[in-house]
Every structure is written in structure tokens, then in C-alpha cells.
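Participant: Got a structure for you, questions after.
The values are calculated or read from the model by the stated rules, or taken from the named source; none is laboratory data. In this text, all values refer to a predicted model and were calculated from it rather than measured experimentally. So basically every Cβ, Gly included, is an ideal-geometry build from the backbone, and we count neighbours across all protein chains shown.
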Amino acid sequence: MVTGDVRAMPTVGLIAVGLGAYWPQFPGMREGILRAHTRVAQLFEGEGHIVMAGLVDSAAKSRAAGELFAREKVDIVFCHLTTYATSETLVPAVSALDVPVVFLNVQTVRRLDVSKVLTTADWLGVACTCAALPEMTAVLIRLRRRFATVTGHLDGDVLLRQEIKKWCSLAGLRHRLRTESLGLLGRSYPGMLDLHIDETELFRRLGTLTHHQLGRHNRRDQECEA
């Protein structure tokens, strides 16, 4: 059994990554990305305590985001990919955290209207979120970090909302397992090797302590052994 509130809400870290060198090259791109990130943040309403790190476009800002996430003890980090960004905008933010990272490969539109794409700025900050994904995932693989990717768009994507909700629920469950204890009632008959549990492995994987609760017969056996 596990004690505590089954509806425990997670603490969710949310970060958007971009490339600072783009802002002077493409006026208005940063502002458009910030508007999109506000819409992304709204998808997390009611899913837990949301810790916003904002738009990170440099290694220094990424370190500051990592300090914020560590201080708030986040259970999971969602990284909103907004355009191409170097991996140094993410790695310092998550390297010291023992939490899953979920990439939000989320565009503002379902598809581009190619007839209206006249310049690089017309697509680079709108439908190029996947550009950073290979570099980001390759670096996390090198760091042996857990990650997943959710792909969608902000034009009424129901599946995107469901995926975010699922990951937040899993983060809540993880938080509960890491902060509560398992209760083990009684013990198996000697020699029943298939029933024994490895409490050290449970703690290593989940951070969960196991408390033994002896029944009446177990206590009598223990007294006889003494």
C-alpha cells in the first residue's frame, strides 16, 4: 500500500529555447515566439504547479533556468522547441536534474501556406520547431538522460493536449512514489523465492522506502526466533 494523496500534483518545469542570434536578423520573430509560448503554457493549466523559465537563448540563461528548476524541485521538464536552437540553451538547464525531459515539437500552425512564404522569417519562427530536435536528443543520449518527444500544433490539436496531460499525470505519480513509502504486510513463507522483493532496487529506481508491517503470526515467529 502507498499512503498519501492519490491526486498529488507534480511540479512541472517549462522552458522555451531559441537562438539569440536570430533576433536582430529577423525583427518580430522573438515576439512571435513569446506569443506562441504563452499559448503552450496555457495547455498546462490545471496539470500541476508550473515553473516557467521563459525563453532561453543562451548558455547563461540556461544555467539560470537550471537553478530555478532545482530550487523548485521540478518533477519533469518540458522543453518547447520554437525554432532552431543550439543545445547549450538546454543542457545547463537539465544536466543536474534527475527528471525526465519532454520535447514539445509544437508549431503554431498545422501547415505553412507556401504561397505566403516569401522570406526566411516567414517560416523559421513558425514551422521550424523540429530543426533543433536532432541536436537536442543527440546530446541527451550522450548524457544518458531520459527524454521523449511530443509533436503537434497550436491550432486546436486535441492529441497534443492529451499527451501533455498524460506526461503530467506520470510526473505526479513519480512524485508520489519518490515522496511516499510502500508498506509491506507480513512476509513470505521461507523458500518462496519468487515473492521476495529487492528493496534496494525499488529505492534506486523510484526513491521509495519500504516499511515492514508484521502481522500477528509473524510477530509470534519473531518472538520464537528470539
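Participant: Of everything in segment 83-121 that's free of Cβ contacts under 8 Å to residues at least 12 places away in the same chain, assigned to a loop (DSSP other than H, G, I, E, B) and aliphatic (A, V, I, L, M), which residue is surrounded by the fewest Cβ atoms within 10 Å (Cβ to Cβ)? Give the steps one after another, and end with the answer.
Facilitator: Restricting attention to segment 83-121, the residues satisfying the condition of being free of Cβ contacts under 8 Å to residues at least 12 places away in the same chain are 98, 113-119.
Then keep just the ones that are assigned to a loop (DSSP other than H, G, I, E, B); that gives 98, 113, 117-119.
If we keep only those that are aliphatic (A, V, I, L, M) as well, we get 117-118.
Details: VAL117: 13, LEU118: 8.
Among residues in segment 83-121 that are free of Cβ contacts under 8 Å to residues at least 12 places away in the same chain, assigned to a loop (DSSP other than H, G, I, E, B) and aliphatic (A, V, I, L, M), the one surrounded by the fewest Cβ atoms within 10 Å (Cβ to Cβ) is LEU118.
Participant: Still on this structure, please answer the following. Among residues belonging to segment 50-82 that are charged (D, E, K, R) and free of Cβ contacts under 8 Å to residues at least 60 places away in the same chain, point out the one that is farthest from ARG176 (Cα to Cα).
Facilitator: First pass over segment 50-82, keeping only residues charged (D, E, K, R): 57, 61, 63, 67, 71-73, 75.
If we keep only those that are free of Cβ contacts under 8 Å to residues at least 60 places away in the same chain too, we end up with 57, 61, 63, 67, 71.
Details: ASP57: 33, LYS61: 30, ARG63: 27, GLU67: 23, ARG71: 19 Å.
Restricting to residues being charged (D, E, K, R) and free of Cβ contacts under 8 Å to residues at least 60 places away in the same chain, the top hit is ASP57.
Participant: For segment 27-49, how many residues meet the condition of being in contact (Cβ under 8 Å) with a residue 60 or more places away in the chain and among the small types (Gly, Ala, Ser)?
Facilitator: 4
Participant: Mind checking which pairs have a first residue in segment 135-153 that is in a helix (DSSP H, G or I) and a second that is among the aliphatic types (A, V, I, L, M), Cβ under 7 Å, 6 or more apart or different chains?
Facilitator: Close Cβ pairs (under 7 Å, with a partner that is among the aliphatic types (A, V, I, L, M)) amount to MET136/LEU90; VAL139/VAL91; LEU140/VAL101.
Participant: Follow-up. Could you list, in sequence order, the residues of segment 1-46 that are modelled with pLDDT of 95 or more, in contact with a Cys (Cβ under 8 Å, 6 or more places away or on another chain) and within 30 Å of THR210 (Cβ to Cβ)?
Facilitator: Correct list: VAL12 only.
Participant: Against the condition β-branched (Val, Ile, Thr) and surrounded by fewer than 20 Cβ atoms within 10 Å (Cβ to Cβ), how does VAL51 come out, does it pass? Quick ask: steps written out before the conclusion?
Facilitator: Numbers: β-branched (Val, Ile, Thr): yes; surrounded by fewer than 20 Cβ atoms within 10 Å (Cβ to Cβ): yes.
Taking the combined requirement at face value, the residue satisfies it.
Participant: Just name the residue that is modelled with the lowest pLDDT out of those in segment 140-174 that are over 23 Å from ALA127 (Cβ atoms) and touching a Lys or Arg at 6+ places or on another chain (Cβ under 9 Å). Give the derivation first.
Facilitator: Taking segment 140-174 first, the residues over 23 Å from ALA127 (Cβ atoms) are 140-146, 165-174.
Remaining after also requiring touching a Lys or Arg at 6+ places or on another chain (Cβ under 9 Å): 140, 172.
Values: LEU140: 96, GLY172: 89.
Among those residues, the one meeting the criterion is GLY172.
Participant: Name the single residue, out of those in segment 65-82 being in a helix (DSSP H, G or I) and in contact with a strand residue (DSSP E or B) (Cβ under 8 Å, 6 or more places away or on another chain), that is surrounded by the most Cβ atoms within 10 Å (Cβ to Cβ). Talk me through it step by step, then tell me what you get.
Facilitator: Within segment 65-82, the subset in a helix (DSSP H, G or I) is 65-72.
This time we only want the ones that are in contact with a strand residue (DSSP E or B) (Cβ under 8 Å, 6 or more places away or on another chain), so: 65, 68-69, 72.
Numbers: ALA65: 28, LEU68: 17, PHE69: 24, GLU72: 15.
Checked segment 65-82; the qualifying residue surrounded by the most Cβ atoms within 10 Å (Cβ to Cβ) is ALA65.
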